[in-house]
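Accompanying notes for the structure given below.
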Amino acid sequence: MEKDTLILTRKVQIYLDCDDQEQRSAYYKKLFEWQDMVYRGSNMVMTHQYIQEQMKDLIYLRDDVKVKLANFDKDPEGIFTTSKMNTTYRILSLYFKGKLPSDILSSMNMTLNRAYSTDRLAYWKGEKSLRNYKKDMPIPFGGDQVKLSNDEKGRDFILKLFKIPFRTYLGKDRSDKKVLLQRALVGQIKICASSIQIVKGKIFLLLALELPKKKYELKDHIIAEASLSVEHPITVSIDKNSYQIGNKEEFLYRRMAIQAARYRLQKGAAFNKGGHGRKKKMKSMEQVNEQEKRYVDSRLHLYSRRLIDLCVKSEAGTLLLVNQTNKEEFAKEDEFLLRNWSYYGLIEKIKYKANMAGINLIVE
């Protein structure tokens with residue numbers, strides 16, 4: 001049965017709500033220690049899960065070693081002294097109990113087991129390597145830990161996590177973050193398991209919210225056929241009507257212009273004044289380093305949004321991406337297309353928005 005809700009994640013910048021410099025340093029130290037332990041523990045858990053799964057396939061071991069991964073008390077052939085889920089939790093407790101809050105340990109264990117189960121078949125077939133978590137990975141925790149309240153001026157929100165005071169920084173944000181936070185504050189929407197991430201000294205709250213799906217009057221027999229191409233990012237046909245979303249000049253040429261600008265800056269960086277070393281010489285490069293990524297992400301969001309809006313307006317309950325598999329295979333052989341056309345990113349955004357609108361997506 002299809003769920004009537006969906007999980008929406010919003011990245012909200014937060015900062016420590018503490019004026020005492022010594023106390024702020026202590027909070028920062030604690031957060032960095034937690035992040036380091038979460039990173040090490042996550043890699044440790046993934047390794048244990050992989051070894052447990054592969055133990056039955058180690059043909060060079062004795063036959064009596066190849067036994068069932070189950071609790072010995074419930075299954076005579078089992079080799080565990082507890083449930084499979086609890087094995088990894090006990091590993092985390094052994095190394096980090098008393099150093100990390102128990103809620104973080106539980107959330108880590110649940111998240112890592114879920115992630116491993118998702119990729120389990122690909123690991124078994126040898127199609128994918130084991131996940132490797134980096135030092136800036138988020139610190140997970142349960143949704144019940146987030147206690148929101150309005151600040152004095154009503155512009156931002158105050159929250160406490162594990163007795164550490166934080167305050168949101170929304171700034172000139174024009175998205176729906178403030179509305180969603182206000183709805184979560186009054187209890188209209190549920191806060192699910194979320195996380196905190198520290199990137200270059202900035203703290204971000206990756207807030208997961210459970211929202212009801214929007215109800216649209218859609219008809220399954222009305223099919224929208226969409227085609228993705230370089231000339232026009234999306235061409236869609238609904239009944240006798242045809243629409244083109246975006247064009248080559250808008251998307252591809254602008255992207256290549258950003259690439260050319262970056263290349264010119266790379267060549268000129270050798271002649272920049274150093275002063276304080278590499279950081280000063282590469283300052284101009286840093287300003288455009290993420291510009292292409294942000295531009296592409298913005299365009300793909302816009303194109304996918306327009307496509308779904310057309311489907312809703314036409315009451316199309318089914319969206320068919322025509323001949324997409326063949327196009328992706330062709331793009332793999334073309335170096336220019338592989339570098340400059342984001343098929344995968346656009347499809348992922350279409351899937352996400354189609355799911356929110358209740359539209360059935362079929363990739364042909």
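Structure notes:
- Calculated [θ] (222 nm, deg cm²/dmol) that DSSP helices of n ≥ 4 give over the chain, each run adding -39,500 (n - 2.57): -14500 deg cm²/dmol
- Based on alpha carbons, the Rg and Dmax found for the stretch 113-186 are 18.4, 56 Å.
- Virtual spin-label span in nm between Met110 and Trp124, 7 Å along Cα→Cβ: 2.6
- Take every Cα pair under 8 Å whose residues are at least 6 apart in sequence, average their separation, divide by the length of the chain, and the relative contact order is 17 percent.
- Note on the chain: with neighbouring protein chains present and a 1.4 Å probe, carbon and sulfur make up 52 percent of its accessible heavy-atom surface.
- Normalised by 2.2 N^0.38 Å, where N counts its residues, the alpha-carbon radius of gyration of the chain equals 1.20.
- The stretch 127-248, accessible area per residue, ligands and nucleic acids excluded (1.4 Å, Å²): 60
- Distance violations [Cα-Cα > 31 Å] among Lys202/Lys349; Lys84/Lys215; Lys147/Lys280; Lys128/Lys353: Lys84/Lys215; Lys147/Lys280
The values are calculated or read from the model by the stated rules, or taken from the named source; none is laboratory data. Owing to the predicted nature of the structure, the values given are computational and were not obtained by experimental measurement. Positions of Cβ are generated from backbone atoms using ideal geometry, with glycine treated the same way; all protein chains shown enter the neighbour counts. All accessible areas refer to the heavy atoms of the entire protein, side chains included, with ligands and DNA or RNA removed. Shrake-Rupley method; radii C 1.70, N 1.55, O 1.52, S 1.80 Å.
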